[in-house]
Amino acid sequence: MANDAEIRIKNGISTPELERRWTAVRQAMKESALDFLILQNSNDVLGGYLKWFTDLFAYHDFTSTVIFPRDDEMTTVWHGPALPGQPSPPPWAVRGVKKRISVPAVPSLNFTNHLMAEKVVEELQGHKNARIGFVGPGFISAAFYNYVTSRLPGAVFTDATELVDKIKAIKSDEEIALLKRTAALQDQAFEYILTRVRPGRTEREVFDDCANKCRQLGTSQACFMGSSAPPGKPARLILPSFANKVIDVGDQFTILLETNGPGGVWTELQRTICLGVVTPELEDHFALAKALQKVTLDLLRPGADPREIWAANNAFLRSHGYPEEHRIYAHSMGYDMVERPGISQEETMTIRAGMNIAVHPAIASDKAFGMYCENYLVQEAGAPLCLHQTPQQIFKI
């Protein structure tokens, strides 16, 4: 008879893959003389540290905390009932976890903000003069950080994000196989979108149809951006809360699909659909966007410096009379929709084989918006491998 894990967990990460991650991190902790790591996440869009260590996502902004020791199994502190209630998550859902603790902590209830921190202090206070690394301080609440650091006076605290990021950024064979499945899911979803874009429908209705299709195909979380516009106007990427325009005859429709897929890994795909004439300006913008994307792709090689790639992208834009880029126009993806390395003038992590990079520079004016977005796997030698199969073209329906 199947157990609960076999019944309820679909596309779980293999135990050998989790053990590979834990072993690599513990070796890095040993080299850095760290005794414990502490990490927190609260959602499944930018919640990759929790997922990478435990194969579990946080959800709905309820915070989950992990204590990762160098010489023992993990302790988790989850939102849920305090004792004598059964702690969350259930025992069949966890691997590599020695102790499960849950507390009724809700960020919107400020009087509960200390509860997780109290449990972490209880677990660590017996380890005098411990060296503790925080992973992803941007995800850790000020209330939690202040409580823990003030009540473990003998401990030495440091930022251990770089230690984990250098390992997490390189995808294993198992992760790459899942990334390819997510990209294929988006290719299939885009084919479906071509049947749902038509005059008289709102942009939001198309997004909703796409979200339903992606869920049927295996997505657990999805984000969509885009808009429609008449010929001679740019159909830019806008937030879904603003996607209320009715698509008209002759419009163009731009959509960006950002979804996870089997195993919880993310890729993204963007294309533009025309319901009428493709204007010369739109054709020109997309031709230039393809050439601009190639600037980055030609430089995505092991050892490349993201700051130099950023500079090359902006040099191209300047040379063609366009403003410099100020977005993170290319970035890695994994369990986070956006993760390191990001192509930016602040990034310090070099490009390495096995990174999964979404590349989406744009050419924009008051007459048109041109952008291609796919994911590319950096290889040991040669050009990066495109994970998507959807043709780079303007789709006319």
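Would you pick out the residues in the range 245-266 that are among the polar types (S, T, N, Q), within 20 Å of Gly200 (Cα to Cα) and in contact with a helix residue (DSSP H, G or I) (Cβ under 6 Å, 6 or more places away or on another chain)?
At the first step, the residues of the range 245-266 found to be among the polar types (S, T, N, Q) are 252, 254, 259-260.
Next, from what is left, pick out any that are within 20 Å of Gly200 (Cα to Cα): 252, 254.
Matches in the range 245-266: none.
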Q: Taking Gly96 as the residue in question, decide whether it is modelled with pLDDT of 95 or more, surrounded by fewer than 20 Cβ atoms within 10 Å (Cβ to Cβ) and in contact with a strand residue (DSSP E or B) (Cβ under 7 Å, 6 or more places away or on another chain).
A: yes
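Yes/no matrix, rows are residues, columns are (1) of a type in the set (A, V, I, L, M, F, W, C); (2) farther than 30 Å from Gly12 by Cβ:
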residue	(1), (2)
Ala58	yes, no
Ser64	no, no
Ile67	yes, no
Thr76	no, no
Gly85	no, no
Gly96	no, no
Asn129	no, yes
Pro137	no, no
Ser150	no, yes
Q. Give me the pairs: first residue in the range 140-157 and free of Cβ contacts under 8 Å to residues at least 40 places away in the same chain, second residue in a helix (DSSP H, G or I) and surrounded by fewer than 16 Cβ atoms within 10 Å (Cβ to Cβ), beta-carbon distance under 6 Å, and six or more apart or on different chains, which are they?
A. Phe157/Thr149
Q: Kindly provide the set of residues from the range 159-174 that are surrounded by 16 or more Cβ atoms within 10 Å (Cβ to Cβ) and in contact with a strand residue (DSSP E or B) (Cβ under 8 Å, 6 or more places away or on another chain), ordered by number.
A: Ala160, Thr161, Leu163, Val164, Asp165, Lys168, Ala169, Lys171
Q: Return only the number of the condition from (1) within 21 Å of the chain's Cα centre (by Cα); (2) of a type in the set (A, V, I, L, M, F, W, C); (3) over 16 Å from Tyr372 (Cβ atoms); (4) assigned to a loop (DSSP other than H, G, I, E, B) that Val249 does not satisfy.
A: (1)
Q) Only one residue in Leu275, Leu282, Leu292 is buried (at least 18 other Cβ atoms within 10 Å of the Cβ), modelled with pLDDT of 95 or more and under 30 Å from Leu46 (Cα atoms). Which one? A) Leu292
Q: Among the residues of the range 180-222, write down those that are among the hydroxyl-bearing types (Ser, Thr, Tyr), farther than 12 Å from Glu258 by Cβ and either in contact with a His (Cβ under 9 Å, 6 or more places away or on another chain) or part of a helix (DSSP H, G or I) (or both).
A: Tyr192
Q | Residues of the range 223-232 classified as closer than 22 Å to Tyr329 by Cα and either part of a loop (DSSP other than H, G, I, E, B) or not polar (S, T, N, Q) (or both), total | A | 4
Q. Is there a residue being in contact (Cβ under 8 Å) with a residue 12 or more places away in the chain, farther than 27 Å from Ala222 by Cα, assigned to a loop (DSSP other than H, G, I, E, B) and of a type in the set (D, E, K, R) anywhere in the range 295-302?
A. yes
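The values are calculated or read from the model by the stated rules, or taken from the named source; none is laboratory data. Since the structure is predicted, the reported quantities are computational estimates derived from the model, not experimental observations. Note: ideal-geometry Cβ built from the backbone for every residue, glycine included; neighbour counts use all protein chains shown.
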